[in-house]
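*Asks:* Handing you a structure now.
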Amino acid sequence: MIIPKQQVDYSLYLVTDSSMLPPGKTLYDQVKAGLENGVTLVQIREKDTDTKSFIEEGLQVRELCHQFKVPLIINDRVDVALAIDADGVHVGQDDMPIPMVRKLLGPDKILGWSVGLVSEVEELANWGPDMIDYIGIGTLFPTLTKKNQKKSPMGPQGASDILTALETNQASWCKTVGIGGLHPDCIERVIYQCNSSNGRRSIDGIALVSDIMASPNASSSTAVLRELIRGTNFKYVNFQLTPSDVNASNVRDVISQVKNSRPLVHHMTNKVHQNFGANVTLALGSSPIMSEVESEARDLAQIPQASLLLNTGSVAPAATIKTAIRAYNEFKRPIVFDPVGYSATQTRLILNDTLLTFGQFICIKGNSSEILSLARMTEGKMKGVDAAGTDLITKEYLALATQTVAYKYKTIAVCTGETDFIADGTFAGKIQLSEGTEGVTANDVPCYTIENGPIPIMGDITASGCSLGSTIACLLGGLKEDGIAIEAVVGAVQLYKSAGKLASTRARGNGSFHVELIDALYQLFNENKPEEWTAKVNRL
Ligand code: 3NM
Ligand code: MG
C-alpha cells in the first residue's frame, strides 16, 4: 500500500476506459495529466483488454500513481490486482462476492463496491467495517460510458437515500463517491444536493470516466473539476442566498429593485395561466414573455434581469424545458419551479422528477398536495391538480413537509393554502464534500408562515396559484447582486396574499375578482408600503 487505506482521499476519482481515448493519447497520458492536476485515486477499468496487456499496463500505471502517492485500484480482476500488487479492487454487483474478494485481498487493501440500492447498503452494514471501504453510488445521471446499464439514473435524491441508509444502518465508516454522467455542469449541484437526512454526511468524492479519459486536454479538464469540488459557495444565481429575518423594510427594498430593473419574466406555463400570468407580471412592473421555443431559451437566459417560471401544468417538450433549465443555471438566473399536479399521473411524476434531477431551482412552489408528495409525506397519488383532501393535516405537518422539500432540493420551498409556508433550505449556497449539512436537518431549516385569514374566492378563479409563481419570479428577477433571495420570495407571497384580500373586499363575484386582483397587485406594488399590507409574516 502506498498509503494507509484510512488516509485515502476520495475527492477526485479517475476511472479509466481506453476505448474513448482521443486521437494521439494513451491511457498512460490521460492518467498522468489527471494526476498532475489533482486526481486523488485511480481505477483501471478495462473490459476488453487481455490479461497480459492488462498486467503490463497496470504495472506502468501503478508506478505512475505511486509517484503521486495515489493508490491504484483494479476493476473486477482480483487476479490482476494481486499479480501487480495494486492497492485495491473495485467490484460490481455481478462480480465476485465481496467476502471472497476480501479473503483474497487480505485486510489492508482497499475494497470498493458499486451500490445503487438501499438493500445493498443493508447487506454492506451487516458485513461490518472490515469488508467494504467505499462504495460507488450510481448511476447518478445518464451516461454512455457504461454499456449494458441495468440501473436507471437515480439522481441526487436517490444518492441521498443511499447516504441516509448508511447512517441508519450504522455504516458511517463506509466512504462514498458518486458516479455516472458527472460533468462540470452538474458537479457542484451533486455535492450540494446529496446528503443524508440526518445532515451528517455527503459524498466523499466524485468518480468519473469520460470527462477526463475522452478529453483532448485532460490537464485542463482535470483542473476544472478540481476547482469545482474544492468546496466553496455554489453560485447558481447571481444574487445572495444569505439567511434573513425578513421585515417590511427588506421587502420595500426588493420591490424598489424590481421597479428599477423591470425584469423579464420568461414563462413556460400552461395555457390556462398564460394570459393572466402575463397581466400579473405587467401589474408588477415587469415584462412577461411566454416562450416555449427551445432555440431562444439561451438568448433569454442571458438578459441581465431575466427569470424563468417553469410551470408543468401543461407541458412543453421535455427537451425544450431542459435546454431552458441548463441555460438559466449556466447564466445564474433564477428559476421558479411549479410542478403542477406533481404526482397526479405517472406521466407528470416522471416529467417532474426528471426536471428536478436535471436542474437547480431557487424556488419550488406547490399547493399542499404537491408539497406533501414532493416530501414523500403522503400516501398514494394526488387526484387532479387541486389541493383537495388536505384540510385535516396540521400546520406542523405542512411546515415540516415544506422544510423537507426545501432541504432535499436545497431550495426555497413555498406551500400555498390558507396559511402559506416558506422554508429556506439553500444553506447560503455552501457546499462541501463529506460534511453534509453539518448535522442540520430538514426540521431545523428556517420556516416562515404568511397569514391573512380565509380568502375563499381565490380558489374560484383559475390560475391564481400559478400567478403567485409569476409574482415570485418577478421579485426574484428584479434582485440586484446584493439582493437576498428569501426576502424576494417572502415579499412576493405576502404581496400576493394582501392583494388577494384587498381584491376580495372589492369584487362582486368571480369575474370582477379577476380584474380586482390585477388592480390590487398594481396598487400595492406601486405604493410599496409593505408595513401596511394585511398579510402577516411569522418566523416559526
Ligand atoms: N459505473 P462517465 S456508471 C464505471 O453506475 C461506471 O456504477 C457506474 O462514466 C455505476 O463518468 C459508470 O463517463 C460510468 O459517465 C461513468
Ligand atoms: Mg465489474
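Read-outs: derived from the displayed coordinates by stated rules, not from any lab. Being a predicted model, the structure only gives us computed values, none of them experimental. For neighbour counting, all protein chains shown are included, and Cβ atoms are generated from backbone atoms with ideal geometry for every residue, glycine included.
*Asks:* Hey, any idea what the orientation-averaged projected area of the convex hull of the chain's Cα atoms comes to, in nm²? All intermediate terms of the calculation are to be shown ahead of the outcome.
*Replies:* Values: hull surface 97.2 nm².
Average of the hull's projected areas for the chain equals 24.3 nm².
*Asks:* In nm, to one decimal, how far is the modelled label at Lys147 from the one at Asp48, with both set 7 Å along Cα→Cβ?
*Replies:* With each label point 7 Å from Cα toward Cβ, the separation is 0.5 nm.
*Asks:* Would you please report the Å³ per residue occupied by the convex hull of the alpha carbon atoms in segment 251-338?
*Replies:* Working: hull volume 7.7 nm³, N = 88.
In segment 251-338, the Cα hull volume divided by residue count equals 88 Å³.
*Asks:* Mind listing the long-range amide H neighbours of His90? Cut-off is under 5 Å, sequence gap 5 or more, other chains count too, H placed in the peptide plane at 1.01 Å from N.
*Replies:* Answer set, sorted by chain and number: Ile74, Asn75, Asp76, Gly112.
*Asks:* Alpha carbons only, please: Rg and Dmax for segment 247-396, in angstrom.
*Replies:* Here Rg and the maximum Cα pair distance are 16.2, 46 Å.
*Asks:* Send over the per residue convex hull volume for segment 24-71, Cα only, as a whole number of Å³. Provide the component values of the computation, followed by the final result.
*Replies:* Numbers: hull volume 3.6 nm³, N = 48.
Taking the convex hull of the Cα positions in segment 24-71, it is 75 Å³ per residue.
*Asks:* Quick one: net charge of Ala318's neighbours, Cβ under 15 Å, K/R +1, D/E -1? Could the numbers behind the result be given before it?
*Replies:* Values: positive: Lys322, Arg326, Arg348; negative: Glu292, Glu294, Asp353.
Combined, the nearby Lys, Arg, Asp and Glu give 0.
*Asks:* Along segment 404-420, what does the Karplus equation 6.51 cos²θ - 1.76 cosθ + 1.60 (θ = phi - 60°) give for ³J(HN,Hα), rounded to whole Hz, x for Gly and Pro?
*Replies:* 5, 5, 4, 5, 4, 9, 6, 9, 9, 9, 10, 10, 8, x, 4, 9, 9
*Asks:* Taking the Cα centre of the chain as origin, work out the dipole magnitude from +1 charges on Lys and Arg Cβ and -1 charges on Asp and Glu Cβ, in debye rounded to 20. Walk me through the numbers before you get to the answer.
*Replies:* On the way: 49 positive and 59 negative charges, 153 e Å.
It works out to roughly 740 debye.
*Asks:* Would you mind getting me the FRET efficiency between Gln523 and Lys395? Use the beta-carbon distance for r and R0 = 35 Å, nearest 0.05.
*Replies:* Values: r = 30 Å, r/R0 = 0.86.
Calculated value: 0.70.
*Asks:* Can you give me the Kirkwood hydrodynamic radius for segment 418-470, using every pair of distinct Cα atoms, in Å to one decimal?
*Replies:* Details: mean 1/r = 0.0704 Å⁻¹.
Hydrodynamic radius (Kirkwood, Cα pairs) of segment 418-470 is 14.2 Å.
*Asks:* Here is a follow-up. Kindly provide the GluC sites (Glu not before Pro) of segment 302-384 that DSSP labels as loop, not H, G, I, E or B, and whose Cβ sees at most 11 other Cβ atoms within 10 Å. Display every interim value, and only then the final one.
*Replies:* Numbers: sites: Glu330, Glu370, Glu379; in loops: Glu379.
Those that pass, being in a loop and sparsely packed, are Glu379.
*Asks:* Can you give the Rg and Dmax of segment 148-282 based on its C-alpha atoms, in angstrom?
*Replies:* Spelled out, the Cα radius of gyration and Dmax of segment 148-282 are 20.8, 58 Å.
*Asks:* Report the rotationally averaged projected area of segment 1-155 based on its alpha-carbon convex hull, in square nanometres. Don't skip to the end; give the middle numbers.
*Replies:* Numbers: hull surface 37.1 nm².
One quarter of the hull surface, i.e. the mean projection, equals 9.3 nm².
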